[in-house]
Amino acid sequence: MNASTSAPKRKLKVATTSLAGCFGCHMSFLDIDERILDLIELIEFDRSPLTDIKHCSTDCDIGIIEGGVCNAENVHVLHEFRKNCKILIAIGACSINGGLPAQRNSLDIRDILAAVYAQPGRGVHIPNDPEIPLLLNEVHPLHEVVKIDYFLPGCPPSGDAIWKFLTDLLAGRTPSLGHGLIHFD
Amino acid sequence: MSNGQDTKSFFLDDEEIPFEEGQTIIQAALTAGKYIPHLCYHPEFKPHGSCKLCTVRIDSRTITTEDGQTVKIPGRAAASCTTPAQAEQHVESNTPELLDLRRTLVQMLLVEGNHFCPSCEKSGKCMLQGLAYDLGVMSPHFPQYFSKREVDATHPDVLLDFNRCILCELCVRASAEVDKKNVFSLSGRGNTKHLICNSESGKLGDTNLAATDKAANVCPVGVILHKRHGFEVPYGQRRFDTAPISDNPVQYAPVKEQV
Ligand code: SF4
Ligand code: SF4
Ligand code: FES
C-alpha cells in the first residue's frame, strides 16, 4: 500500500460466500488469526457469512467465493457476485475444479438420488419441495460459469496462503504463493 | 571453451554444462545440478519424449535489422530428454516463454484426467502436482473434461485409479524392460488413448503383476497405488511439502555406470 499518504483511504468492500463447499476455506480464512485486525484496517466486509448480510452491495471491490456450482441457487449467487464485485477470487479446490463434490460427475444424478433416497426399506421419497434448489447434472468450477479474475488453490488454502494472497493483491501486486504455500490439498 | 580435451560442453541458460558423448541435454543438465522440468523422463528408462514438459530452445539468434533494431529469432524447440547434447550448443530452458508453455501443458493434463488431489493417495509426492506447484499453476484455465474413467481394485495388493493416468508409459516400459511381464499397454489413439492391462479379462487381478515389480512402483502420479498404504506420511512432511520438485536436480540424474 502507499504508505506516504496519511489521508484515510476508502476501505475496500469485500464480499464472501460458500457455494458447493464445506466452509473449510472460510474457517481457514479465520486462521489468519490476529492479522484480521490489520486486514480490517484496509477492508470492510459486505455480504458474507461473517456479517450475515444477505445480498451484495452494488459497489463491492472484491468477491471471494468458496465451493463450486452444484445447484441452481449457486448459479444465481455466483451471478450476483459477478455483477456486483470488480474482482472475483475463486478460493479452494472446489471453486477451482469442482473438488470432491465433482467426483459425482461420472455418475447419473438420478442414480445418485435413488441410491440415497429410494433404498429398499427407506421408502421412495426423492425430495422435490420447490424450496430446495434444483441440483445440476454436474458440479462445475466457477470459471466455467462466470469470469474469475484470481484463483487461490488449496483444500483449504492455509491461513498463511490466504494472508499472502490478499496482502499481495491489496498492495497491487500479482498474488504469488511460492513453495510451501501453493497447495492443491 | 571446453574444459579439457575429452570433456565437451554446451550452454544451458548461459551456464557451461559439461557432457559425455551420447548424453541427452536433460541427462547432462541434471548431472550438473541444473533442473529441467520433466514427467515422462526417468533416469532408469529409455526416453519416451511424449510429455514435452522438458522442451527447450536450441540456438536462438539475435540479429540486427536494417533500421538498427535487435530482434531475437527463437531457436528450434526440442524435447531435451531425446535430444543429444552437442558441443557449443546454446540451450534455453528457464525462459518466461518456456515456463508458460510448460504451465499450459500441466493445465491440460490436469483437466484431461480427474485430479482431485485432496482425495489422492499420491498427493504430496506426485510429480504432476509437484511440477504444478513449481510452475505456479494456480488454476486449470481450461474447462474440465470430467472424463469417465474406471478404478480397478481386482488385484490383492495394487489398486489402479485410471482417473489420474497421464499416459507417460513408465509402467509400460518398466513392465516390459525390467519385469519382463508386459502387464500394461496403451490402447486407442488421440482422445481415446488409455492404459490397459494385458489379461484376458482386462483386469489387473488376472495379470501376474507383483507389488514388488518395478511397474508397480514407477508411476509418477496416483494411478498405480499400493493397497493398505494410503496417506501414511502426514501432511506437511511429504516429499514436496518439504522441498520443491526442482530441489537437488541430481536426484533425477542417470546413475553412472562404472567403467
Ligand atoms: S495424481 Fe497428482 S495431480 Fe492427480 S490427483 Fe493425485 S496428487 Fe493430484
Ligand atoms: S499408470 Fe502411471 S506410469 Fe502408467 S502410463 Fe499412467 S501415469 Fe504413467
Ligand atoms: S520428459 Fe521429455 S518429453 Fe517428457
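The values are calculated or read from the model by the stated rules, or taken from the named source; none is laboratory data. Since the model is a prediction, treat every value here as computed from it, not as a measurement. Positions of Cβ are generated from backbone atoms using ideal geometry, with glycine treated the same way; all protein chains shown enter the neighbour counts.
Return yes or no: is residue A:109 of a type in the set (A, V, I, L, M) and under 21 Å from residue B:107 (Cα atoms)? No, not satisfied.
Against the condition under 22 Å from the mean Cα position of the chain (by Cα), in contact (Cβ under 8 Å) with a residue 40 or more places away in the chain and within 11 Å of ligand 3 (Cβ to nearest atom), how does residue B:55 come out, does it pass? Spelling it out, residue B:55 is indeed under 22 Å from the mean Cα position of the chain (by Cα), in contact (Cβ under 8 Å) with a residue 40 or more places away in the chain and within 11 Å of ligand 3 (Cβ to nearest atom). For the residues A:87, A:40, A:36, the requirement of being part of a strand (DSSP E or B), surrounded by fewer than 21 Cβ atoms within 10 Å (Cβ to Cβ) and either within 11 Å of chain B (Cβ to nearest Cβ) or of a type in the set (A, V, I, L, M, F, W, C) (or both) singles out A:87.
Listed here are the residues, each with its yes/no results for (1) within 16 Å of ligand 1 (Cβ to nearest atom); (2) exposed (fewer than 15 other Cβ atoms within 10 Å of the Cβ); (3) small (Gly, Ala, Ser).
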position: B:151; (1), (2), (3): yes, yes, no
position: B:158; (1), (2), (3): yes, no, no
position: B:179; (1), (2), (3): no, no, no
position: B:191; (1), (2), (3): no, yes, no
position: B:200; (1), (2), (3): no, yes, no
position: B:212; (1), (2), (3): no, yes, no
position: B:218; (1), (2), (3): yes, no, no
position: B:229; (1), (2), (3): yes, yes, no
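Scanning segment B:128-136 turns up at least one residue that is at positive phi, surrounded by fewer than 19 Cβ atoms within 10 Å (Cβ to Cβ) and at the interface with another protein chain (Cβ under 8 Å from one of its Cβ atoms). Quick check on residue B:232: is it more than 16 Å from ligand 2 (Cβ to nearest atom), in a loop (DSSP other than H, G, I, E, B) and under 30 Å from residue A:180 (Cβ atoms)? Judged against the criteria, residue B:232 is a match.
Let's see how each residue does on (1) over 25 Å from residue B:42 (Cα atoms); (2) part of a loop (DSSP other than H, G, I, E, B); (3) within 16 Å of ligand 1 (Cβ to nearest atom); (4) aromatic (Phe, Trp, Tyr):
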| residue | (1), (2), (3), (4) |
| --- | --- |
| B:121 | no, yes, yes, no |
| B:129 | no, no, yes, no |
| B:134 | no, no, yes, no |
| B:137 | no, yes, yes, no |
| B:146 | yes, yes, yes, yes |
| B:155 | yes, yes, no, no |
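Would you confirm, using the coordinates I've provided, whether residue B:206 is more than 14 Å from every other protein chain (Cβ to nearest Cβ), surrounded by fewer than 17 Cβ atoms within 10 Å (Cβ to Cβ) and touching a residue at least 12 places away in the same chain (Cβ under 8 Å)?
When the stated conditions are applied, residue B:206 passes them.
Would you check which residues across segment A:160-185 are of a type outside the set (Gly, Ala, Ser), assigned to a loop (DSSP other than H, G, I, E, B) and within 12 Å of another protein chain (Cβ to nearest Cβ) and list them? Residues satisfying the conditions are A:174, A:175, A:177, A:179, A:181, A:182, A:183, A:184, A:185. When restricted to residues that are away from chain B (no Cβ under 13 Å), in a loop (DSSP other than H, G, I, E, B), surrounded by 11 or more Cβ atoms within 10 Å (Cβ to Cβ) and not β-branched (Val, Ile, Thr), segment A:93-148 contains 2. The set of residues from segment B:19-34 being surrounded by fewer than 24 Cβ atoms within 10 Å (Cβ to Cβ) and either modelled with pLDDT under 95 or away from ligand 3 (no atom under 12 Å from the Cβ) (or both) comprises B:19, B:20, B:21, B:22, B:23, B:31, B:32, B:33, B:34.
Within segment B:86-127, being more than 29 Å from residue B:224 (Cα to Cα) and either within 11 Å of another protein chain (Cβ to nearest Cβ) or in contact with a Lys or Arg (Cβ under 6 Å, 6 or more places away or on another chain) (or both) holds for B:87, B:92. The residues of segment B:171-203 include none that are away from ligand 2 (no atom under 14 Å from the Cβ), without any contact (Cβ under 8 Å) to a residue 40 or more places away in the chain and within 19 Å of residue B:227 (Cα to Cα). Working only within segment B:185-219, note down all residues that are farther than 16 Å from residue B:159 by Cβ, within 16 Å of ligand 3 (Cβ to nearest atom) and at pLDDT 95 or above. Matches in segment B:185-219: B:186 only. Given the condition of a type outside the set (Gly, Ala, Ser), in contact with a strand residue (DSSP E or B) (Cβ under 6 Å, 6 or more places away or on another chain) and within 30 Å of residue A:171 (Cβ to Cβ), answer yes or no: does some residue in segment A:102-125 qualify? No, the conditions are met nowhere in segment A:102-125.
The rows are residues; the columns are (1) touching a residue at least 24 places away in the same chain (Cβ under 8 Å); (2) out of contact with any strand residue (DSSP E or B) (no Cβ under 9 Å at 6 or more places or on another chain); (3) more than 13 Å from ligand 2 (Cβ to nearest atom).
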site	(1), (2), (3)
B:108	yes, yes, yes
B:122	yes, no, no
B:128	yes, yes, no
B:134	yes, yes, yes
B:149	yes, no, no
B:156	yes, yes, yes
B:169	yes, no, no
